[in-house]
1. Among helices (runs of 4 or more DSSP H) lying entirely in region 227-289, which contain 1 or more residues that are surrounded by fewer than 22 Cβ atoms within 10 Å (Cβ to Cβ) and of a type in the set (V, I, T)?
2. Here are L130, L122: which of them is under 23 Å from A230 (Cβ atoms) and loosely packed, with under 14 Cβ neighbours inside 10 Å?
3. Examine region 88-97 for a residue that is loosely packed, with under 13 Cβ neighbours inside 10 Å, more than 26 Å from P273 (Cα to Cα) and of a type in the set (S, T, N, Q), and state whether such a residue exists.
4. Could you tell me whether S209 is in a helix (DSSP H, G or I), among the small types (G, A, S) and touching a Gly at 6+ places or on another chain (Cβ under 6 Å)?
5. Could you tell me which of the residues R114, R68, R148, R107 is crowded, with 16+ Cβ neighbours inside 10 Å and at pLDDT below 95?
6. Of all residues being without any contact (Cβ under 8 Å) to a residue 40 or more places away in the chain and of a type in the set (V, I, T) in region 235-265, which is farthest from R19 (Cα to Cα)? Just the residue, please.
7. Can you find a residue that is at pLDDT 90 or above, within 17 Å of R204 (Cβ to Cβ) and part of a loop (DSSP other than H, G, I, E, B) anywhere in region 80-103?
8. If a residue has to be among the basic types (K, R) and either surrounded by 15 or more Cβ atoms within 10 Å (Cβ to Cβ) or touching a residue at least 24 places away in the same chain (Cβ under 8 Å) (or both) to count, how many in region 15-55 make the cut?
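The values are calculated or read from the model by the stated rules, or taken from the named source; none is laboratory data. Since we're looking at a predicted model, the values are computed, not measured. Backbone-built Cβ (ideal geometry, glycine too); neighbour counts: all protein chains shown.
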Amino acid sequence: MIAGRIQGCLASLTSQVTRYRATAIILALLCSAIIGDAIRTRQRAHALAYLSAMLLCAIIVDMIAATRPRAAWVVNDKAHETRAIVFSLAMTVALSTLRFVVIADMRHLNPFMRVALFVLVLLFVYPLFLLAYFIWRQRYSPRQLGLRVSAAWVALPVIAIIGVTTCLVAPQKLQFREVYEQSGVLSMLFLGFVTAALPEEFVRVLAQSRFSAVFANKGLGWLAASVLWAVIHIPNFYSRSGSLFAATMSTIGIVPIGLLWGYMSERLKSIAPSVLTHGTNLWGLQNLL
């Protein structure tokens, strides 16, 4: 029975690759870039294990989703909603650049600038602007935006696969101890879920569903949303490495795990599984540099 489901999922995967050829080609190029850079840095086994784990997780999600009723995202006004999302993402990139590249030390800002920056971060990084826009302006219910707890348990096998893979091939990348020693348990959970997973997965669902409607292509919408999500991290990566090349490769390196989170939300029509997987993602499997 399980073998039959796996065969069905592989057949479905082959069908999707054929249907969304442009997306498949871009994905192949991204994977080639990741493997090529891993060879350069002598982390080929790590990169192959990472990509294989993402594929295995996607297959398992697909197997589970195949047993559930099919549904589609509600998109009332794809043009205006997409513009609102693009504006919010642009503001997020600008704020991230300001925070990590332009302003090295926040302590030198005057109180007024600190408050202004804090308000902008709340509006666009967290992102209260889009939440207010879609719920109060566009009249969506929270469930229509993926804000539901259904299928949260699907995160468990995904977390297990990523965790076991990391422990086997890249135990030096584990971040749990480092973050725990720096922040403690409560701060670690707050940073993982409130400041990263929940806002990012909410925006990802909004972006990929609207991009899919605009492109009339689910594959490109899914890919574009995760690529833009990764690009937002460039200023942070650059501030750590001081190298644009290293920041770019780190950005490319996180695209596959972003695609997995987006795929979970798309197939299950709930951000709960991706939020749980993202919020506990201190394994570091995606950190190839």
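1. Numbers: elements: 234-241, 244-268, 272-279.
Correct list: 234-241, 244-268.
2. After applying the criteria, what remains is L122.
3. no
4. Numbers: in a helix (DSSP H, G or I): yes; among the small types (G, A, S): yes; touching a Gly at 6+ places or on another chain (Cβ under 6 Å): no.
The answer is no for S209.
5. Values: R114 fails: crowded, with 16+ Cβ neighbours inside 10 Å; R68 fails: crowded, with 16+ Cβ neighbours inside 10 Å; R107 fails: crowded, with 16+ Cβ neighbours inside 10 Å.
The unique qualifying residue is R148.
6. Residues of region 235-265 without any contact (Cβ under 8 Å) to a residue 40 or more places away in the chain: 237, 240, 242-245, 247-248, 250-251, 254.
Next, only the ones that are of a type in the set (V, I, T) stay: 248, 251, 254.
Numbers: T248: 29, T251: 27, I254: 25 Å.
Once the filter is applied, the top-ranked residue is T248.
7. No, because not a single residue in region 80-103 is at pLDDT 90 or above, within 17 Å of R204 (Cβ to Cβ) and part of a loop (DSSP other than H, G, I, E, B).
8. Looking only at region 15-55, we keep the residues that are among the basic types (K, R), and these are 19, 21, 40, 42, 44.
From what's left, either surrounded by 15 or more Cβ atoms within 10 Å (Cβ to Cβ) or touching a residue at least 24 places away in the same chain (Cβ under 8 Å) (or both): 19.
Result for region 15-55: 1.
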